[in-house]
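To keep things clear, I will list the structure first and then write my remarks on it.
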Amino acid sequence: EAGVAQSPRYKIIEKRQSVAFWCNPISGHATLYWYQQILGQGPKLLIQFQNNGVVDDSQLPKDRFSAERLKGVDSTLKIQPAKLEDSAVYLCASSLASGVLGKLFFGSGTQLSVL
Amino acid sequence: DAKTTQPNSMESNEEEPVHLPCNHSTISGTDYIHWYRQLPSQGPEYVIHGLTSNVNNRMASLAIAEDRKSSTLILHRATLRDAAVYYCILRAGGTSYGKLTFGQGTILTVHP
């Protein structure tokens, strides 16, 4: 079974530039998550989609971050403009079920460095 | 979100059992206890979850205290591949979407 695919694997940009990350979840998984993981910390949920609707974006910095999930499958996360503190690994995850018993399957992440 | 407390780090020897503790004194009756682990340079992976009873699967066992204020993840025979950060997470069962909120986790080092 194919896992969660993310690209690119690494990205280096300068502050104030824009960047986009792409995620392809496991086929049939209705719920998709984007997490931000700063070095030395646990992942922090940025946004959660159920199909193509947002169910939780309470921790998404909406002045610079945006995310969409086209046709309830692939998703993109964008940062515009980037700040130094956005340097982190951005993890995408998907789950078959949206409730408390739904196991999350994570991709390997995109490591972003903002210089 | 109800909070969990885990030791920052633990060490073990290969082929010995490992008991990873987690305190969650403010757990509510509908919170499930989930464990995930994160190997170096990878995303987290699901390990096990439970509500009230002890649980076993091919990866680990989960022992839950009778009052549910603490739990222990048990790796029966640690291998070098078990070296990872282990996260104990309470997931609210009363909501539709079961938000998964990670804490700092426990860094497990396994010695050969």
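Taken together, the values in this text are just the output of simple stated rules run on the coordinates, not laboratory data. Nothing here was measured: the structure is a model prediction, and the numbers come from that model. Using ideal geometry, Cβ is built from the backbone for each residue, glycine included, and neighbour counts are taken over all protein chains shown.
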**OP:** Could you pull the Rg and Dmax for the protein assembly as shown, using just the Cα atoms, both in Å?
**Re:** 17.7, 53
**OP:** Going by C-beta contacts inside 10 Å, put A:S58, B:S25, A:S95, A:S87 in order with the fewest on the left.
**Re:** A:S58, B:S25, A:S87, A:S95
**OP:** Give the order of B:R68, A:R69, B:R81, B:R37 when sorted by the count of other beta carbons within 10 angstrom, beginning with the fewest.
**Re:** B:R81, B:R68, A:R69, B:R37
Original post:
the range B:12-80: which GluC sites (Glu not before Pro) are DSSP loop and have at most 16 other beta-carbon atoms within 10 angstrom?
Top reply: B:E14, B:E15, B:E66
**OP:** May I ask which of A:K44/A:K103; A:K44/A:K71; A:K62/B:K99; A:K44/B:K3; A:K103/B:K99 have a Cα-Cα span longer than 21 Å here?
**Re:** A:K44/A:K71
Subject >> FRET efficiency, 1/(1 + (r/R0)^6) with R0 25 Å, evaluated for A:K15 and A:K103 via beta carbons >> reply: 0.10
